[in-house]
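One structure is given below, encoded as structure tokens.
Readers should treat all values here as calculations from the given coordinates under stated rules, not as data from a laboratory. Computed from a predicted model, the values in this text were never measured in an experiment. Ideal geometry is used to build each Cβ from the backbone, glycine not excepted, and the neighbour counts take in all protein chains shown.
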Amino acid sequence: MNTKPVLNFSLGKIIRLRRVSKGMKQETLAELADIDVSYISEIETGKRNPTYNVLYHLARALDTYPSEISKEVELDVYDKLEKHS
């Protein structure tokens, strides 16, 4: 099974959930992370996979660490793969 789409979707979902839980709009996150808002939209919809540098800036803007986001993505992907196996 190709897990890349699952990884991209899960990462986008986690970023979006963290942003929304902080009451933040995409525009605010983009400004705080110094990233174009269209790029954030593409990440959140699973269309783009950010570099580690971008993930770092997103995590800091969301007041967390890249490793915390990675852990959440790993758990989400594992859960999806288990349900489809």
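Quick notes
- Contact order for the chain, expressed relative to its length and based on alpha carbon pairs under 8 Å spaced 6+ residues apart, stands at 36 percent.
- For the stretch 69-74, Karplus couplings with θ = phi - 60° (6.51, -1.76, 1.60), whole Hz, Gly/Pro x: 5, 4, 4, 5, 5, 4
- Pairwise centroid distance, computed over Cα atoms, of the stretch 52-79 with the stretch 10-37, Å: 12
- Local electrostatic count, residue 8, Cβ distance below 11 Å [Lys/Arg +1, Asp/Glu -1]: +2
- Residue-wise HN-Hα couplings along the stretch 3-11, as the Karplus relation 6.51 cos²θ - 1.76 cosθ + 1.60 with θ = phi - 60° gives them from phi, are 8, 4, x, 5, 4, 4, 5, 5, 4 Hz; Gly and Pro carry x.
- Rounded to whole numbers, the Karplus 3J(HN,Hα) couplings from phi for the stretch 19-29 are 5, 5, 5, 8, x, 9, 8, 4, 4, 5, 4 Hz, using 6.51 cos²θ - 1.76 cosθ + 1.60 with θ = phi - 60°, and x at Gly and Pro.
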